[in-house]
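Novice: The structure follows.
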Amino acid sequence: MAHYALTFRDPAGHVLDIEISFAHPAPEQKLSMPSWIPGSYLMREFARHVINLSAEQSGQALAVSKVDKSTWSVRSNPDSPLHVRYRVYAWDRSVRGCHFDTARAFINPAACLLQDASSPDNSCVLDIHPPAFPGGELWRCATTMAPVAVSERGFGRYHAASYDELIDHPLECADFDEFGFEAGGVPHRFVVTGRHRGDLQRLQADAQKICQGHCDLFGAPPPFAAYLFQLHVVDDGYGGLEHRSSTALIIPRNDLPAPGESAITEGYRELLGLISHEYFHAWNVKKIRPAAFDGPHGYNTSVETYTRLLWLFEGFTSYYDDLMLKRVGLVSDADYLKLIGRRLTQLLRSPGRHVQSVADASFDAWIKYYRADENAVNSQFSYYLRGSFVALALDLMQRAAGEDAPSLDSLMQALWREFGQSGRGVPEDIEPCFSRWAQRDLGAFFARYVNGTEDPDWSALFAPFGIEYRTRPAASAADRGGRDDPDATTNARTLGLQIGDGGVMPVLKQVLAGSAAWQAGLGAGDMLVAVDGLRASSATLGKHLARFRTGEQLNVVYFRYDELRSTTIEIPEPQHDTVWLETRADDPSGAARRARWLGNVVSA
C-alpha cells in the first residue's frame, strides 16, 4: 500500500511537498506520473512539474533512476520501509492541474501523486496536513475521498481503494464559502473560492433543481453517496472537469448572479449549463463509459486511449446540459430555442463539418481538438457540438414518431441500465444497441450523421414540433444568430474573414475555406493595411463593407509577414448562415409535442 503525505510549506514558490512511504516496497520499486487526466484528452505530461525526487531507506539515500518521461525506479530492500520525497510545481489555475498560493490550494491527484507502478491495484492512504503559514488556519479541505480520521476542517487521513480511485477525488483547500442541499436523496456540497459578490442562495436553489432533474431522469439512487461542486471564480476563465462524485468548475466571478437580480444573464446561464453538464457526467462517462477506457488497472493514463465515442459522452451531455435548464424551469422555451439557433449557426459557419465526421473527431481528440490552429474551422468540428446535434436530431426523430416511440430519455436510461449499472464498458459499435432501444434500424442515421459528414434536414425535423427553421445572412461580424434581424447586410463574416484582436492593423484570425477572402488569396495571420483605399480598422470594417453590393470589386492591401501585398475581392452574395427558430401559433398538435419534449423528464 502506498501511503502519501501532502504538505503545504511553500506558497511563495507554489510548490507542493509530497512523501510516499512503502512498508514493504518492491525490490525494484517503480513510480509513475500520469501523462493525462481522465476527462481531458490531451497528453499534458504532468511529470514535467516534478522537482527534486529522492528516496531513502533506513536513513540511507538510495539511487533513483529515470526509466522514461514519467517513470522512476528505486532498488530497495523489501523488508525495510521506503520513503520517496519530491516536490511539485503547482501554478496551473485550470481545472486539470494543481494550484497553490497563500489564498488557495487546488489539488488534482493525477497531476501530483505518483502511482505505485509496481503494485498498481493496491489501496492508498493520503494524509493532508493543514497549512502552517499565516492565514492557513482559516483553510478547510473539501473532497469526496473516503475519510479515515479528519478534523472538522477536513484535514487528516483519507483512503482510496486503488490509485484509479485516488486520482478521481480532487481537493479544494481554502477559506471558501459553501452551501449544501439534497438531490436524489443524497447530500450535495457546494464550495466557492475566490472573491465575489454573488447571490449564493439563488445559486443553491437553482443548482438543486438541476441536480434533482438529472436524478429524476436516471432514477434513484444516483451513482454516488454524496456529491461535491468545487467552484473557483476568477477574472476571466471558463471550464469544468468531471469526477466520479465531484466536479471542478471555473468561471468569471461576475457570472454569479448579483444579489437582488432575478433575470438570468447570459453569463449565469452559462454557469448553470456548466453545472448541468458536469453533473450529467456522473452518469454519462464516469459510469456509462467506453470499453476502451477500461484497462486492467482502470484508466491507463500513461498513453493515449482511443475511442470513437466521445460524441456520445461529451456530445449527448452537451445536449442535456441546457435542455435540463429548460425542463426544470430556469429558462423559457424562447430562450432555449434561441440557444439552439445559435449553436446551429456555429454549425453552418464551419466548413470543417464537411471534412471530419463526429466519430473521427472523437478519435482524433488527442491531436486536434485541444490543439486547434487557425485552420481548425476548415478541417475539423467539435465532437461536443456536433455530438449534441446528433442527440437533438435523434430525439426529434424519435419523438415525432409518436408518443409510444422511445425518446432519447429512454435511450439514456437504457444505456444506464445496460452499461452504467452493470459496469460493462460501452462497445465501439454502439449502433446495434441504439437500433434495438429505438425500435428502428438506425444504420442509415449513423452512416450519415455519426460516421459521415451530412447535415440533418433541420426544417423537416423541427416541423412536427410547430417550429420553423429559418436562416438569413449575418447582420454583423458579432451576430451569433438565434433571432431574426432585418438589418442583415454584407459584412466581414460574409467575406469569410474572422478578425482577431490586434493593435493598429487588424490581423486575420481565420479565413473560411471557399470564401471570397479565401479565393482572393488571403490567409490567417495576414495584417490588413487598407481596404478600398482606407485604413483598415476592425471597428469600422464591417460598416464599410456594408456599403458594397454583390459583384463589386474590393481592393485589399495587407502585410504577409514583412512583405506588402495586395489583392482584389469580389463581393459575394450574402450567405444564409445564421439560424433562428420560430414557433407557429397555428399548430396545436406541434405545440403539444413541443411541450412534451421541452417540459417533461420521463423518469426511469
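Novice: Tell me, rounded to the nearest percent, the portion of alpha carbon pairs in the range 386-433 spaced more than 16 Å apart.
Specialist: Numbers: 538 of 1128 pairs.
Of all Cα-Cα distances in the range 386-433, 48 percent exceed 16 Å.
Novice: Sticking with this structure for a sec: Give the angle, between 0 and 90 degrees and rounded to the nearest 10, that separates the Cα long axis of helix 200-218 from the longest principal axis of the Cα atoms of the chain.
Specialist: Roughly 90 degrees between the two axes.
Novice: Taking each pair of distinct Cα atoms in the chain once, what is the resulting Kirkwood hydrodynamic radius in Å? Please list the in-between numbers first.
Specialist: Numbers: mean 1/r = 0.0377 Å⁻¹.
In the chain this quantity evaluates to 26.5 Å.
Novice: State the answer as a single residue: which of A220, H243, G295 lies farthest towards the positive end of the charge dipole of the range 174-309, with beta carbon charges of +1 for Lys and Arg and -1 for Asp and Glu, about the Cα centre.
Specialist: G295
Novice: Cα to Cα, under 28 Å, and not fewer than 8 places away if on the same chain: which lysines meet these conditions relative to K543?
Specialist: K338, K509
Novice: Over the range 123-237, what lengths in whole Å, largest first, do the semi-axes of the equivalent ellipsoid take, defined as the square roots of 5 times the eigenvalues of the alpha-carbon gyration tensor? All intermediate terms of the calculation are to be shown ahead of the outcome.
Specialist: Values: eigenvalues 122, 93, 26 Å².
Values for the range 123-237, descending: 25, 22, 11 Å.
Novice: Given a 1.4 Å probe and the protein chains all in place, what does the accessible area of R140 round to, in Å² to the nearest 10?
Specialist: 60
Novice: Dipole size in debye (nearest 20) for the chain around its Cα centre, Lys and Arg Cβ +1, Asp and Glu Cβ -1? Present the calculation step by step, with values, prior to reporting the outcome.
Specialist: Values: 59 positive and 74 negative charges, 52 e Å.
Around 260 debye, computed over the chain.
Novice: Hey, for a label at A225 modelled as a point 7 Å past Cα toward Cβ, could you say which residues of the range 158-184 have their backbone N under 14 Å away?
Specialist: 158-161
Novice: Could you state the angle between the C-alpha long axis of helix 588-599 and the longest principal axis of the C-alpha atoms of the chain, as a value from 0 to 90 degrees rounded to the nearest 10?
Specialist: In the chain, helix 588-599 runs at an angle near 20 degrees to the longest axis.
Novice: What is the pair-distance distribution P(r) of the range 1-119, computed from all Cα-Cα distances in 10 Å bins starting at 0, with each bin given as a whole percent?
Specialist: 14, 45, 31, 10, 0
Novice: Binning at 5 Å from 0, report for the range 351-414 what percent of all alpha-carbon pair distances ends up in each bin.
Specialist: Spelled out per bin, shortest first, that is 4, 17, 22, 17, 11, 12, 10, 5, 2, 0.
Novice: Kirkwood Rh, Cα Rg: Rg to Rh for the range 436-588?
Specialist: Working: Rg = 19.9 Å, Rh = 17.9 Å.
Using Cα coordinates only, the ratio equals 1.11.
Novice: Nothing charged except the Cβ atoms of Lys and Arg (+1) and of Asp and Glu (-1): what's the magnitude of the dipole of the range 63-194 about its Cα centre? Round to the nearest 20 debye. Could you put the intermediate results ahead of the total?
Specialist: Numbers: 12 positive and 17 negative charges, 101 e Å.
Using Cβ point charges on Lys, Arg, Asp and Glu, the range 63-194 gives about 480 debye.
Novice: For the chain, find the longest principal axis of its Cα atoms and tell me its angle to the long axis of helix 333-348, 0 to 90°, nearest 10.
Specialist: So the helix axis and the longest Cα principal axis differ by about 80 degrees.
Novice: Per residue, what accessible area does the range 335-474 have, given a 1.4 Å probe and all protein chains present, in Å²?
Specialist: Numbers: 5370 Å² over 140 residues.
Ligands and nucleic acids excluded, the figure is 38 Å² per residue.
Novice: Once the convex hull of the alpha carbons of the range 335-382 is built, what does its volume come to per residue, in cubic angstrom?
Specialist: Working: hull volume 4.0 nm³, N = 48.
It is 84 Å³ per residue.
Novice: Would you work out which of L309, G97, A414 lies farthest towards the positive end of the dipole of the chain, given +1 charges on the beta-carbon of Lys and Arg and -1 on that of Asp and Glu, about the Cα centre?
Specialist: Comparing the listed Cα positions along the dipole, G97 ranks first.
Novice: Could you give the length gained on full extension between A539 and S589, defined as 0.36 nm per residue of separation minus the Cα-Cα distance, in nm? Numbers along the way, then the final one.
Specialist: Numbers: separation 50, 0.36 × 50 = 18.00 nm, distance 4.69 nm.
Result for the pair: 13.3 nm of gain on full extension.
Novice: Kindly rank 403-411, 562-570 from highest to lowest mean number of other beta carbons found within 10 Å of each residue. Before the final figure, lay out each step's value.
Specialist: On the way: 403-411: 16.6, 562-570: 12.4.
Ranking, from highest mean packing down: 403-411, 562-570.
Novice: If you plug each phi of the range 245-257 into the Karplus form 6.51 cos²θ - 1.76 cosθ + 1.60 with θ = phi - 60°, what whole-Hz ³J(HN,Hα) values come out, in order, with x for Gly and Pro?
Specialist: Ordered by residue, 3J(HN,Hα) equals 9, 7, 8, 9, 10, 9, 9, x, 4, 7, 7, 5, x Hz.
Novice: Shifting gears a bit: If I take the Cα coordinates of the range 14-67 and project them onto the principal axes, what are the three extents in Å, biggest first?
Specialist: Extents along the principal axes, in whole Å: 40, 27, 19.
Novice: Taking only the alpha-carbon atoms of the range 550-589, what semi-axes of the equivalent ellipsoid follow from 5 times the gyration tensor eigenvalues under a square root, in whole Å, largest first? All intermediate terms of the calculation are to be shown ahead of the outcome.
Specialist: On the way: eigenvalues 391, 37, 4 Å².
In descending order, the three semi-axes are 44, 14, 5 Å.
Novice: Next question. Using only Cα atoms, locate the centre of the range 520-548 and the centre of the range 383-460, then give the distance between them in Å, rounded to an integer.
Specialist: Between the Cα centre of the range 520-548 and that of the range 383-460, the gap is 44 Å.
Novice: Suppose a student asked you for the relative contact order of the chain, using Cα pairs under 8 Å spaced at least 6 residues apart; what percent would you report? Display every interim value, and only then the final one.
Specialist: Values: 1307 pairs, mean separation 63.1, N = 604.
So the answer I get is 10 percent.
Novice: Label-point separation (nm) for R197 and H159, each offset 7 Å from Cα along Cα-to-Cβ?
Specialist: Calculated label separation equals 4.8 nm.
Novice: Enter the mean projected area of the convex hull around the alpha-carbon atoms of the range 280-332, in nm², rounded to one decimal.
Specialist: On the way: hull surface 17.3 nm².
Averaged projected area of the range 280-332's Cα convex hull equals 4.3 nm².
Novice: Among the aspartates and glutamates, select those whose C-alpha is under 17 Å from the C-alpha of K69, and discard any that sit fewer than 8 residues away in the same chain.
Specialist: By straight Cα distance, K69 reaches E45, D116, E304.
Novice: Additional query: With label points built 7 Å along Cα→Cβ from the Cα atoms of E152 and E563, find their separation and express it in nm.
Specialist: According to this spin-label approximation, the distance is 7.3 nm.
Novice: Whole Å is fine, so just give me how far the alpha carbon centre of the range 26-45 lies from that of the range 137-176.
Specialist: One Cα centre to the other: 21 Å.
Novice: Now for a different question. Reported to two decimal places, what Rg/Rh ratio describes the range 518-604 when computed on Cα atoms with Rh from the Kirkwood expression? List each step's numbers first, then the result.
Specialist: Working: Rg = 22.9 Å, Rh = 17.2 Å.
Rg/Rh for the range 518-604 comes to 1.33.
Novice: Also, quick follow-up: Note the direction-averaged projected area, equal to a quarter of the hull surface, for the Cα convex hull of the range 404-492, in nm². Walk me through the numbers on the way to the answer.
Specialist: Values: hull surface 35.9 nm².
For the Cα atoms of the range 404-492, the hull's average projected area reads 9.0 nm².
Novice: Arranged from highest to lowest average of other beta-carbon atoms within 10 Å per residue, in what order do the peptides 505-518, 66-79 appear? Can you show the working numbers first?
Specialist: Working: 505-518: 19.7, 66-79: 15.9.
Top of the packing list down: 505-518, 66-79.
Novice: Compute the projected area of the convex hull of the Cα atoms of the range 187-263, averaged over all viewing directions, and report it in nm² to one decimal place.
Specialist: Values: hull surface 21.9 nm².
Over all viewing directions, the range 187-263 projects a mean Cα-hull area of 5.5 nm².
Novice: While we're on this one: Over the Cα atoms, compute the radius of gyration (one decimal) and Dmax (the largest Cα-Cα distance, rounded to a whole number) for the range 341-467, in Å.
Specialist: 15.6, 47
Novice: Tell me, what ³J(HN,Hα) does each residue in the range 403-412 have, in order and in whole Hz, if you take phi through Karplus 6.51 cos²θ - 1.76 cosθ + 1.60 with θ = phi - 60° and put x for Gly and Pro?
Specialist: These are the phi-based 3J(HN,Hα) values: 4, 7, 6, x, 7, 5, 4, 5, 5, 5 Hz.
Novice: Roughly how compact is the range 186-229, stated as its Cα Rg over 2.2 N^0.38 Å to two decimals? Don't skip to the answer; put the middle values down first.
Specialist: On the way: Rg = 12.2 Å, N = 44, 2.2 N^0.38 = 9.3 Å.
The value comes to 1.31.
Novice: Determine by what factor the alpha-carbon radius of gyration of the range 115-172 differs from 2.2 N^0.38 Å, reporting the quotient. Present the calculation step by step, with values, prior to reporting the outcome.
Specialist: On the way: Rg = 12.7 Å, N = 58, 2.2 N^0.38 = 10.3 Å.
Taking the Cα Rg and dividing by 2.2 N^0.38 Å, one obtains 1.23.
Novice: Give me the one-decimal Kirkwood hydrodynamic radius in Å for the range 66-165, with the sum taken over alpha-carbon pairs.
Specialist: Radius from the Kirkwood sum: 15.7 Å.
Novice: Report, in deg cm²/dmol and to the nearest 500, the calculated mean residue ellipticity at 222 nm for the chain, where each DSSP H run with n ≥ 4 adds -39500 (n - 2.57) and the sum is divided by the residue count. Spell out each step's value before the answer.
Specialist: Numbers: 14 runs with 136 residues, N = 604.
Computed mean residue ellipticity for the chain: -6500 deg cm²/dmol.
Novice: Based on alpha-carbon positions alone, could you give the equivalent ellipsoid semi-axes of the range 265-407 from the gyration tensor, as √(5λ), descending, whole Å?
Specialist: Values: eigenvalues 133, 81, 52 Å².
In descending order the semi-axes read 26, 20, 16 Å.
The values are calculated or read from the model by the stated rules, or taken from the named source; none is laboratory data. No experiment lies behind these values; they were computed from the predicted model shown. Using ideal geometry, Cβ is built from the backbone for each residue, glycine included, and neighbour counts are taken over all protein chains shown. Ligands, DNA and RNA are excluded from the accessible area calculation, which covers all protein heavy atoms including side chains. Shrake-Rupley method; radii C 1.70, N 1.55, O 1.52, S 1.80 Å.
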